[in-house]
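Trainee: The structure is given below, and queries will be raised subsequently.
The values are calculated or read from the model by the stated rules, or taken from the named source; none is laboratory data. Since the structure is predicted, the reported quantities are computational estimates derived from the model, not experimental observations. Counting neighbours? That spans all protein chains shown, and the Cβs are built from the backbone with ideal geometry, glycine included. Each accessible area value is taken on the protein alone, full model and side chains, heavy atoms only, with ligands, DNA and RNA left out. Shrake-Rupley method; radii C 1.70, N 1.55, O 1.52, S 1.80 Å.
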Amino acid sequence: TNDLQNMLIRLIADFFEMPNLFVVGDEKQAIYRFQGASVENFLQFQNKWPAMRVIRLENNYRSHQSILDASFSMIENNYTDDEHATLRVMLKASGEESPRLIDVVSAGNIEAGEEYLIRELRAILKQSSAATTAIIVYRNREVQHLLALLEKKSIPASAERGIDIFSQPLGALFFALIDFLADPGKIEALAMTVAGGLWNLNLEQGARLIRAIRSGTLAPGTLEKEIPALEKLTKEITQAGAIAYLTLAAEVSGCVALAARDPVSAEVWRAIIMLAQELAMERDLADDPRKLITALLEYRLSAEKKTIKISTGLPGARIRIMTAHGSKGLEFDYVFLPYATEESWMPSSRGAYFILPREKITGDEVRDARRLFYVSLTRARRHVSIIIPQQQGPDRLLAPLRFLSELNSTHIARTDIPATPIDFHSESVASRDSRRLAEIIEYTKQTLLTSGLSVTALNHFY
């Protein structure tokens, strides 16, 4: 919990002399400090109500002892002396899995590490028809890269990643569009929509129009002549309902056609419409397109980003690709950590300006990253494989993640594999098109299965 959530809980609990309150947590897995959460909030309850009964959970029914001991040795580096001594519980494996050394594989380059990953995944699929596998990474772009790689290698997989609807290409184009519609003086916003492929202009038309906009030589009436749909949108903004107008603008500009090209864009478009509907309802803007557009643009400015979770690939696949944050609370038979480098796991980041976190302590970022790596390791029941690529491309050397040296070495098996030629990812255009078509079909099937088919929407379509 963060400070505000804690305050609300305590305001309610303070009504009672001895509140009926149950709190559960694991400081080792406190990975949401960027949202204001802290272990101090966890400890406050016992400080306020000293008679609170404390139950230590010392048995782990997921991972075997080698995983628990290796990861405990690492996470202990987050503490000094007797800090949080009562929370630092050395777990005992109480499940059925036999101990097995954690594989730490040093690969000559990223391609070699990914080849190793592909071989191991194929072996697991061949050996067991029911085993579940997670590939855990730090960054969303690594999720999408690995999903494309596995699809190219004909290995069924699913992925879930966060998408910022404001920075995703379709979202960026749509918000540039409504920025111009709200204020036709923002001609640069219109130029962005042209450059992004809206309005069904050919390359020559688009280039000519952008040059005229940038040079300030746009003759009166040129916009309406080159983009006839603008005249219709100018007229409808004073007559249509707010949501209907946004839908019309997206249709005539070509945003809807772009959204139909792939599942990610379709989900981004769905999220934009849902956001617009929420704002229209909350602020009673259903009848005024201009005010709703203004509210959307103000929301984008204040929120900085709006992340939605997107599921891609084959939903029923036994191999799942996810970020470390997304893995919290889940468990799998096998876990792979394919990019265990400083460059991947220790990026410099900037927090959102409207978050008021606690005052930072030196080393907080390192401790947060160590907790996140601990969470990733302990998702596994049977086995963990950590892959350390040593090089990216012909020139960039990569550094092993610092936490690997902190793992209990008696539970580690180390392997070195040589670099692989960089044509490992070569793929034909036909193969990419076939893969995209298969993904679109699967997305359509899953949408119909989970959401059904709205008769009203179908009638509108007709």
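Trainee: How would you order 152-163, 199-210 from highest to lowest mean count of nearby Cβ atoms within 10 Å?
Mentor: 152-163, 199-210
Trainee: For M192, what charge total do you get from the other residues with a beta carbon under 11 Å from its beta carbon, if Lys and Arg give +1 and Asp and Glu give -1?
Mentor: With Lys, Arg at +1 and Asp, Glu at -1, the neighbours total -1.
Trainee: Check which residues have an amide H placed less than 5 Å from N60's amide H, if you skip close sequence neighbours.
Mentor: K92, A93, S94
Trainee: Any idea what Rg and Dmax come out to for the stretch 229-276 if you just take the C-alpha atoms, in Å?
Mentor: Spelled out, the Cα radius of gyration and Dmax of the stretch 229-276 are 11.4, 33 Å.
Trainee: Using only the alpha carbons, work out the radius of gyration and Dmax of the stretch 125-164 in angstrom.
Mentor: Answer for the stretch 125-164, Rg first and Dmax second: 11.5, 38 Å.
Trainee: Once the Cα atoms of helix 203-215 and of the chain are each reduced to a long axis, what angle between those two axes, in degrees from 0 to 90 to the nearest 10, is obtained?
Mentor: 90 degrees
Trainee: Separate question: Please state the Cα pair-distance histogram of the stretch 1-157 with 10 angstrom bins from zero: what percent is in each bin?
Mentor: P(r) over the stretch 1-157, rounded to whole percents: 8, 25, 27, 23, 13, 5, 0.
Trainee: Let me ask something else. So how tilted is helix 39-48 from the main axis of the chain? Cα-based, degrees 0 to 90, rounded to 10.
Mentor: The answer is roughly 60 degrees.
Trainee: Right, next: Report the Cα centroid-to-centroid distance between the stretch 359-408 and the stretch 170-240 in angstrom, as an integer.
Mentor: 47 Å
Trainee: Residue by residue through the stretch 84-97, what is 3J(HN,Hα) from phi via Karplus (6.51 cos²θ - 1.76 cosθ + 1.60, θ = phi - 60°)? Round to whole Hz and write x for glycine and proline.
Mentor: So the Karplus estimates, Gly and Pro as x, are 6, 4, 6, 9, 8, 8, 7, 7, 10, 6, 10, x, 9, 6 Hz.
Trainee: If you count only protein heavy atoms with a 1.4 Å probe, what accessible area per residue comes out for the chain, rounded to a whole Å²?
Mentor: On a per-residue basis, the chain sits at 55 Å².
Trainee: Under 5 Å between amide H atoms, partner at least 5 residues away or on a different chain: which partners does V137 have, H built in plane at 1.01 Å?
Mentor: Result for V137 returns M322, T323, A324.
Trainee: A follow-up question, please. I'd like the Karplus ³J(HN,Hα) series for the stretch 59-75: coefficients 6.51, -1.76, 1.60, θ = phi - 60°, whole numbers in Hz, and an x wherever there's a Gly or Pro.
Mentor: Here the 3J(HN,Hα) series is 9, 10, 9, 10, 8, 7, 5, 5, 5, 5, 6, 5, 6, 5, 4, 6, 5 Hz.
Trainee: Right, next: What residues qualify as long-range amide H neighbours of L398, i.e. H under 5 Å apart, gap of 5 or more or another chain, H built at 1.01 Å from N?
Mentor: Q391, Q392
Trainee: To continue, here is another question. Highest first, please rank the peptides 299-310, 211-222 by the mean number of other Cβ atoms sitting within 10 Å of their residues.
Mentor: Highest mean packing first, the order is 299-310, 211-222.
Trainee: Another question, then. Nearest 10 degrees, 0 to 90: what angle lies between the long axis of helix 263-282 and the longest principal axis of the chain (Cα atoms)?
Mentor: Tilt of helix 263-282: around 80 degrees.
Trainee: How much accessible area does H145 have with a 1.4 Å probe, in Å² rounded to the nearest 10?
Mentor: Approximately 80 Å² for this residue.
Trainee: On the accessible surface of the chain, probed at 1.4 Å, how many percent belong to carbon and sulfur atoms?
Mentor: Using a 1.4 Å probe with all protein chains present, the chain comes out at 54 percent carbon and sulfur.
Trainee: Also: At what distance in angstrom do the alpha carbon centres of the stretch 253-314 and the stretch 128-150 lie from each other?
Mentor: What the calculation gives is 28 Å, centre to centre.
Trainee: Can you list the HN-Hα couplings for the stretch 442-452, worked out from phi with the Karplus curve (6.51, -1.76, 1.60; θ = phi - 60°), rounded to whole Hz and with x for Gly and Pro?
Mentor: Result, ordered by residue: 5, 4, 4, 4, 5, 5, 5, 5, 8, 10, x Hz.
Trainee: Rounded to the nearest 20 Debye, what is the dipole magnitude of the chain about its Cα centre when Lys and Arg each give +1 and Asp and Glu each give -1 at the C-beta?
Mentor: Its charge dipole is roughly 560 debye.
Trainee: Kirkwood hydrodynamic radius for the stretch 251-298: how many Å is it when counted over pairs of different Cα atoms?
Mentor: One over the average 1/r among Cα pairs gives 11.6 Å for the stretch 251-298.
Trainee: Still on this structure: How do the peptides 187-198, 36-47 rank, highest first, by the average count of neighbouring beta carbon atoms within 10 Å per residue?
Mentor: 187-198, 36-47
Trainee: Return the subset of K153/K309; K153/K305; K306/K328; K152/K445; K291/K445; K126/K152 for which the Cα-Cα distance in this structure is over 28 Å, preserving the input order.
Mentor: Table pairs above 28 Å Cα-Cα are K153/K305; K291/K445.
Trainee: 222 nm [θ] for the chain, helices only, -39500 (n - 2.57) per DSSP H run of 4+, per residue, to 500?
Mentor: Rounded to the nearest 500, the figure is -14000 deg cm²/dmol.
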